[in-house]
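Values quoted throughout were computed directly from the atomic coordinates according to the rules given, and no laboratory measurement underlies them. These numbers come from a predicted model, not from an experiment. Cβ placement follows ideal geometry from the backbone for every residue including glycine, while neighbour counts extend to all protein chains displayed.
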Amino acid sequence: MKRAFKYRFYPTDAQAADLSRTFGCVRKVYNLALAARSEAWILRQERVNYNATSAMLTAWKKTEELAYLNEVSSVPLQQVLRHLQTAFTNFFAKRAKYPRFKSRKKSRKSAEYTTSAFRFRDGKLTLAKMTEPLAIVWSRPLPEGAAPSTVTVSQDAAGRWFVSLLCEGPGLKPLPATDAVVGVDAGLDHLLTLSTGEKITNPRYERRDRARLAKAQRELARKTKGDGANRTKARRKVARIHARIADRRRDTLHKITTRLVRENQTIVIEDLAVRNLLKNGRLARAISDAAWSEFRSMLEYKAQWYGREVIAVDRWFPSTKLCSNCGTLQNTMPLSVRTWTCGSCGVTHDRDVNAARNNLAAGLAVSACGAGVRPQRRTPGGQSATKQEPLQREP
Ligand SMILES: [Zn+2]
């Protein structure tokens, strides 16, 4: 199984210049190839394949105006042509929209290197055409014996540099089986509520960061086009705060999901329709912050790594209105109700804990019936809050 490990790194001035130039060449080659393919398709209904674009690249490099393409490693240029090929395959299979041109400002800056274009030795990564290894911050170790087969270098809107190492290797073995099971509910006042009664709060700094973000956005909005450098600075600041909020949130989710997967054999979650919940103003903040779908995808891939099971309970299931003690269904359960007492059995429930317990019971019933995980009814756009990540990231 392949896994990607992403780290920050700090390039030297020469490396930064080289990588920026590579990003520019990657974008140029992608756009040229897209233009050539589009023209062939529109004018002559011809499909141009990867090999043809690869031959074009060779020809472009020989022209005077595109000779600068020779200054960077050829591998990222080949790789972007492969990505374009995939984009077209997906388009023709009606799985994706028609590929779009990469813009200098808005597109993700990245370059992909395969084994022939980097050297990984003694924990040091050196890219083709570079003499010094990258100064990577090894925030967590690579698993024993892991060797990268693909390396992707990128720079985000806040100007930070990242390297992602796609590794194959023994690394992960299933954890020893356990009897522990847990139900999880997306809380209103809390990030998550567990059937054990434990509540996991939102990251501590989130509120303060949000306030800072709002302030930075107001400042940016006041800047006009004439402000030039100051406007760019304000835009950078907004991007930086955004990135920090997302980083912290992802960090929190990684910790929680790793713990849940380590401690439990089966984890039952609600197949929450984020889209429906977003209609409710009060919930919107909680849901977007909690990034339920990000949580779910992390939980699912980690469960797969470690031999655990994640069950998603259908969302028609009235988890908040059902008494987890006696099974009586309450008529209504307004969002404002935090605790309630069941009229039939007299047990007082915490709203979220009760829901988490019901999720657990429903999930285990499904599992015990031998039905396994229910087929997921993913409505188009319903899960759009998360991008389906092709690569899996470790906490
Ligand atoms: Zn009851």
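Remark: the Ile42-Ala157 segment gains 38.0 nm on full extension, using 0.36 nm per residue and subtracting the alpha carbon distance.
Between the alpha-carbon centres of the range 14-38 and the range 319-348 there is a gap of 59 Å. Summary of packing: across the peptides 320-329, 218-227, the per-residue average of other C-beta atoms within 10 Å ranks them, highest first, as 320-329, 218-227. Couplings 3J(HN,Hα) of the range 237-252, computed from phi: 5, 4, 4, 5, 5, 3, 4, 5, 4, 5, 4, 5, 5, 5, 4, 4 Hz, in residue order, whole Hz [Karplus 6.51 cos²θ - 1.76 cosθ + 1.60, θ = phi - 60°; x for Gly and Pro]. Quick check: the distance between the Cα centres of the range 105-131 and the range 42-82, to the nearest angstrom? Result: 20 Å between the Cα centres.
Each peptide in 333-343, 129-139 gets a packing score, the mean of other Cβ atoms within 10 Å over its residues, and the list from highest to lowest is 129-139, 333-343.
Highest mean first, how do 39-48, 82-91, 102-111 rank when packing is the count of other Cβ atoms within 10 Å averaged over residues?
Highest mean packing first, the order is 82-91, 102-111, 39-48.
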